[in-house]
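Report on the following structure.
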Amino acid sequence: MDKGPRPGQALRVLAASGQLGNGIPEAALKAGLAREPHVLGCDMGSIDVGPAYLGGGRLATSPAITKRDLRLVIQGARQAGVPLLIGSAGTAGAAPHVEQTLAMIRAIAQEDGLRLRIAIIGADMDRAWLRAMAEAGRVQPIGAIGALTPATIDGAAHIVGQMGTEAFLRALALEPDIVLAGRACDTAVFAAVPLMLGYAPGPATHMAKIIECTSLCCVPGGRDAMLGTLTGESFELESMNPARAATPVSVAAHSLYEQADPLRVHEPEGMMDTTNAVYEAIDDRRVRVSGATWTPAARHSIKVEGASFVGERAVLLASTTDPRVIEKRDSIAAGVRKIVADILPGAGDYDLRFRAYGAGETNLFPGAREGLPVPAELFFLLECIAADADTAKAIIGVAKQNLLHFGFPGRLSTGGNIAFPFTPPELPAGTAYRYSIYHVAECDDLAGAFPVRMETIG
């Protein structure tokens, strides 16, 4: 890439997937490759899917579809002769996720007869370092989560930090065919090559912020490949699906996506400011954007994520059209809870939750919002989290039977007023985790936090 374009020349960055493993639209990817991009990038992960995948060390996506997507982008990048950058490998980006993704890449290389040089960036946080930083007052919570304690650190199943462009730049310096990164900022995947080639960080980061979700910034939004073309202080955006149009409004709106601050995006290495950004239509499908600025961080920091075991989960799915059940739902829930506690006094600590969908919001029993119209149908989701799977199943089973036959004032039938969509209606839902670490830690050594290793396959 040291012989690539320079600022002022067109640098084409193709975003192939906003979350690799959910099915890349192949026609749009091929159209994007035909535009001769200089780099191919894919985001692969998110916290949006919840803590179970970080805690459990598994992928949120189907292995078969994930391998299919990986094959498409690996073959595409090799045919184009450009580097492939993948961030947040395996959904959550911890060591198990990186290794599962790497195993698929190894299999693809062997099956397709490819020789690949892979730079692998780890994102697992050193717990001793994190404890020391917390004790020194250099770790701050994000939102309502509590202060970081040694017990929280020790109790987390996996802890990752979200790397920025610095780690990708070190990996790219080794001239790999593929950069496979653990947990990463979405923007880093797409801004790294522009920064390596000397493009202005403000426009490069702004472009990366928009294209990391591929064509979600278009009308109508979608998951098709998105081409960003960066020149000097501006960039152009175009979906590789002709049915999707990037407009000034849709692109400006996406600049706000997932941001608490509508104008400023904080990354480990600095802050992008879009206060003076300008969005201009080139035609009815393309937009030119300019004006974003960049301020380097006085002190580097990284977001740290950790997930801890909560228990084993079972759920019950049911519905009702009985207006009396709908009206009495709070008292029925309370009555069923008491029966379960009386029948299973030795169940230990457990959490049995009743949720009702259809009353105008997601209501948690008790305390539904006042003044809502009575719905014609209500869907019940009962969730139990207990110490082990057998106990969770037992509790949800007892709750099911007593929900089905619960006697309440005004009841007209002893059964039949609760319906189950299929059998069994009570289902094991696996291990439950929670985000126990969601903090920002100052970091004096990004290279030490995110080590790079090389592997050659084939």
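In the structure displayed, which of K67/K400; K67/K209; K328/K393; K30/K209 lie more than 31 Å apart, Cα to Cα?
On the way: K67/K400 39 Å; K67/K209 26 Å; K328/K393 25 Å; K30/K209 23 Å.
K67/K400, as the Cα separations exceed 31 Å there.
Largest accessible area first, the residues H266, H158 order themselves as H266, H158 under a 1.4 Å probe with ligands, DNA and RNA left out. For region 84-157, the extents of the C-alpha atoms along the principal axes are 51, 21, 20 Å, listed from largest to smallest. Packing, taken as the mean count of other beta carbons within 10 Å per residue, orders the peptides 66-75, 305-314 from highest to lowest as 305-314, 66-75.
Across region 309-435, Cα pairs under 8 Å and at least six residues apart give a relative contact order of 46 percent.
Applying 1/(1 + (r/R0)^6) with R0 = 56 Å to the Cβ-Cβ distance of H405 and D444, what FRET efficiency is obtained, to the nearest 0.05? Here the calculated transfer efficiency is 0.35. Placing a label point 7 Å from the Cα of L381 along the Cα-to-Cβ line, the residues of region 435-452 whose backbone N sits under 19 Å from it are 435.
Between A10 and D330, the contour length at 0.36 nm per residue exceeds the Cα-Cα span by 109.0 nm. With all protein chains kept in place, the per residue accessible area of the chain amounts to 42 square angstrom at a probe of 1.4 angstrom. Approximating the spin labels as points 7 Å out from Cα along Cα→Cβ, the E36-to-R264 distance works out to 4.2 nm. Full extension of the segment from L412 to R127, taken as 0.36 nm per residue of separation minus the current Cα-Cα distance, would add 96.6 nm. Principal-axis analysis of the Cα atoms of the chain puts helix 186-196 at an angle of about 10° to the longest axis. Placing R0 at 60 angstrom, the Cβ-Cβ distance between D388 and E175 gives a FRET efficiency of 0.75 after rounding to 0.05. Largest first, the residues D444, D224 sort by 1.4 Å accessible area into D444, D224.
A straight chain from V278 to V249 at 0.36 nm per residue would run longer than the Cα-Cα distance by 9.4 nm.
Name the residues of region 418-458 whose amide N is less than 13 Å from a point 7 angstrom out from the Cα of R299 along the C-beta direction? In region 418-458, the label zone of R299 (backbone N under 13 Å from the point 7 Å along Cα→Cβ) covers 440-445.
In the chain, the DSSP-assigned H stretches of four residues or longer account for a calculated mean residue ellipticity at 222 nm of -9000 deg cm²/dmol, using -39500 (n - 2.57) per stretch and the full residue count as denominator. Taking the centroid of alpha carbons for each part, region 2-33 and region 171-235 are 9 Å apart. Cβ-Cβ distance of E111 and I343, R₀ of 51 Å, FRET efficiency by 1/(1 + (r/R0)^6): the value works out to about 0.40.
Apolar share of the accessible surface for region 116-249: 58 percent from carbon plus sulfur atoms, 1.4 Å probe.
The values are calculated or read from the model by the stated rules, or taken from the named source; none is laboratory data. Note that this is a predicted model, so its numbers are computed, not measured. Cβ coordinates were reconstructed from backbone atoms using ideal geometry, including for glycine residues, and neighbour counts include every protein chain displayed. Quick note on the areas: whole protein, heavy atoms, side chains included, nothing else; ligands and nucleic acids left out. Shrake-Rupley method; radii C 1.70, N 1.55, O 1.52, S 1.80 Å.
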